[in-house]
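Worksheet for the structure shown next.
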Amino acid sequence: MAKRRKIYEGKAKILYEGPEPGTLIQYFKDDATAFNAEKHGVLQGKGVLNNRISEFIFARLGEIGVPTHFIKRLNMREQLVHALEIVPIEVVVRNIAAGSISKRLGIEEGTPLPRPIVEFYYKDDALGDPMVAEEHIITFGWAFEQEIDDMTHMALRVNDFMNGLFAAIGIRLVDFKLEFGRQYHDDHTHLLLADEISPDSCRLWDMKTGEKLDKDRFRRDLGGEIEAYQEVARRLGVLPSADIRDIAAAQDK
Ligand code: ADP
Ligand code: UDP
């Protein structure tokens, strides 16, 4: 393959210049990080699974009218996306208390929330992605008020859709993180859902057993990460039944 220009290498993905102006190729790596990259590991086959799971969710969201960066999947590890100016805010939606909200506010993990909560975090590794309020976002110019409203509405719509999608396959959607980006069209801007939606960016619990099917297996040293991600892919119907490590190993040769 011709050498492509690498635009950015992050913790879990690489962005390459796409074939057309305004496009990028998003490559899913097997690297896993947690606690602001203090913990690092390689989970063979994770990139292949996240590419498929994220493709499936973005495609379904596109079908119900949520604007997304996703254009098409190119191969086992790559997808073609619209190049965006990323809003430096991580939007987290919570249905059940877990992770940082439980720690910060002393709410027992697993407590259902009476209504979904939308939170904002400033994307800055050096600061450890601190939680911020709308006031900070507007004051420091990270996004306009209208953009915050749009991100909130889209996030709640994504939440409604994903709650149903996962409930239908016996999985509880505890919480998840979204990113958005701007696309410029003549004199106006358009906000699109960007990045990925996968077990790396969601908390997913099996409804019957409570088993964690997400990155908390890695964060909390529970093991069985790939089996859990593969179970999510299998229930969504997006992967053949062969062991993903064999598929990934064959493909990476
Ligand atoms: P990190 O940057 O946190 O290490 P990743 O390894 O997942 O995370 O890198 C992917 C990067 O690509 C993220 O910084 C994300 O904001 C950015 N990104 C995702 N989608 C797009 C897009 N459509 N256009 C431009 N940048 C994007
Ligand atoms: N999340 C993420 N990237 C981040 C921070 C959080 O994808 O940089 C996801 C995380 O996987 C979980 C949700 O956002 O599904 C809420 O995370 P939380 O604030 O509880 O932080 P954590 O306990 O994961 O550090």
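Readers should treat all values here as calculations from the given coordinates under stated rules, not as data from a laboratory. As the structure is a prediction and not an experimental result, all values here were calculated from the model. Counting neighbours? That spans all protein chains shown, and the Cβs are built from the backbone with ideal geometry, glycine included.
Across the range 1-11, what is the total count of residues that are closer than 12 Å to residue 78 by Cβ and either surrounded by 13 or more Cβ atoms within 10 Å (Cβ to Cβ) or touching a residue at least 24 places away in the same chain (Cβ under 8 Å) (or both)?
Looking only at that region, the number is 1.
Considering only the range 1-35, state which residues are small (Gly, Ala, Ser), away from ligand 2 (no atom under 15 Å from the Cβ) and touching a His at 6+ places or on another chain (Cβ under 8 Å).
Answer for the range 1-35, where residues must be small (Gly, Ala, Ser), away from ligand 2 (no atom under 15 Å from the Cβ) and touching a His at 6+ places or on another chain (Cβ under 8 Å): just 22.
Please count how many residues of the range 182-203 are under 30 Å from residue 34 (Cβ atoms) and touching a His at 6+ places or on another chain (Cβ under 9 Å).
Of the residues in the range 182-203, 5 are under 30 Å from residue 34 (Cβ atoms) and touching a His at 6+ places or on another chain (Cβ under 9 Å).
Being without any contact (Cβ under 8 Å) to a residue 40 or more places away in the chain, under 25 Å from residue 97 (Cβ atoms), surrounded by 21 or more Cβ atoms within 10 Å (Cβ to Cβ) and within 16 Å of the chain's Cα centre (by Cα) is the requirement here; does residue 213 meet it?
Answer is no for this residue.
With respect to the numbered conditions (1) within 13 Å of ligand 2 (Cβ to nearest atom); (2) touching a strand residue (DSSP E or B) at 6+ places or on another chain (Cβ under 7 Å); (3) at negative phi, which one is the sole condition not fulfilled by residue 199?
(2)
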